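The structure appears below as structure tokens.
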Amino acid sequence: MKIFMIEDDLGVGRALLSVFQDEGHQVVWVRMAEGALARLQAEPFDAVLLDLGLPDGDGNLLLRELRAQGVGLPVLIMTARDSLEDRLNGFNTGADDYLIKPFEIPELLARLRAIVRRVNGQHEGAESLWTSGELVLDEGRRLVTRAGAPVALSRTEFALLLTLMKESGRVLTRAELEQGVLPHSEGQTLDVHISNLRKKIGERVIRTVRGVGYMVQRANG
């Protein structure tokens, strides 16, 4: 992956540069907004990491100009601005994801892979990584994290969540879930498993559609 990183903090920039290089990615790192748009238009990149507090301007202004020029690269904002207004402004300006500093490196990598896959229309990539908000499910490693922190799930809970996240944006009926995930649930009902899951991953990830079943919103929904 070729990443364009706009980050003025030397410590953060050097740390991320080292991480990405260790992961085998190519990184172009700049510390100011000036010249960034021209570079992005001149060279092919897979994703943009964008800090908002830059020495020569606000990252949101750069992002707005980027989108106005028709640059559709996936953009992940990484910033200390944590208010709801800031987050909404970032998404409304054209960000594909918004990560608040300080963050955990595994979460950054997961979110970055997710937005690249999503923008490229690869919903079932080889890495089998599924996201919804701050929730990340790594199918290959059988690992679930919420805001970077591991979430302990039972085998049935993991299978249920995976099924829902793979079909994000679509309502799965109770019958589909019960037959596909709970044929040997030892008497525990679907509602019990959903309730336990919500306690662990957050109440809003899984949406109840009355009279039909359950669904997880799409990652960019």
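Restricting to the range 129-167, give me the number of residues that are assigned to a helix (DSSP H, G or I) and among the hydroxyl-bearing types (Ser, Thr, Tyr).
Final tally of qualifying residues: 2.
Taking the criterion of being open to solvent by less than 30 Å² (accessible area, probe 1.4 Å), β-branched (Val, Ile, Thr) and either at pLDDT 90 or above or more than 30 Å from Val19 (Cβ to Cβ) (or both), would at least one residue in the range 126-143 satisfy it?
The answer is no, given that none of the residues of the range 126-143 is open to solvent by less than 30 Å² (accessible area, probe 1.4 Å), β-branched (Val, Ile, Thr) and either at pLDDT 90 or above or more than 30 Å from Val19 (Cβ to Cβ) (or both).
Could you say which residue among Gly24, Gly90, Gly13, Gly72 is part of a helix (DSSP H, G or I), over 21 Å from Val136 (Cα atoms) and either within 21 Å of the chain's Cα centre (by Cα) or in the same structural domain as Arg141 (by the TED database) (or both)?
Just a single option satisfies the conditions, and that option is Gly13.
Restricting the first residue to the range 154-165 and requiring it to be in the same structural domain as Glu139 (by the TED database), which pairs with a second residue that is in a helix (DSSP H, G or I) and at pLDDT below 85 meet a Cβ separation below 6 Å and a spacing of at least six or different chains?
From residues that are in the same structural domain as Glu139 (by the TED database), the pairs are Ala159/Val181; Leu160/Val181; Thr163/Val181.
Just one of the numbered conditions (1) assigned by the TED database to the domain that holds Ala15; (2) at pLDDT 85 or above; (3) buried (at least 19 other Cβ atoms within 10 Å of the Cβ) is not true of Val116; which one?
(2)
Within the range 179-188, does at least one residue satisfy the condition of being at positive phi and more than 25 Å from the chain's Cα centre (by Cα)?
Yes, the range 179-188 has at least one match.
Determine, yes or no, whether Arg170 is in a loop (DSSP other than H, G, I, E, B), at pLDDT below 90 and under 19 Å from Asp138 (Cβ atoms).
No; evaluated as a whole, the condition is false for this residue.
Identify all residues within the range 1-10 that are buried (at least 16 other Cβ atoms within 10 Å of the Cβ) and not in a strand (DSSP E or B); write none if there are none.
Once the filter is applied, which keeps residues that are buried (at least 16 other Cβ atoms within 10 Å of the Cβ) and not in a strand (DSSP E or B), the range 1-10 yields Glu7, Asp8.
Out of the range 76-93, which residues are among the hydrophobic types (A, V, I, L, M, F, W, C) and surrounded by fewer than 20 Cβ atoms within 10 Å (Cβ to Cβ)?
Result: Ala80, Leu84, Leu88, Phe91.
Identify all residues within the range 39-75 that are open to solvent by less than 60 Å² (accessible area, probe 1.4 Å), small (Gly, Ala, Ser) and without any contact (Cβ under 8 Å) to a residue 40 or more places away in the chain; write none if there are none.
Gly57
The values are calculated or read from the model by the stated rules, or taken from the named source; none is laboratory data. In this text the structure is predicted, and so the values were computed from the model without any measurement. When we count neighbours, we look across all protein chains shown, and the Cβ atoms used for this are built from the backbone with ideal geometry, even at glycine. Note: areas computed on protein heavy atoms with side chains; ligands, DNA, RNA excluded. Shrake-Rupley method; radii C 1.70, N 1.55, O 1.52, S 1.80 Å.
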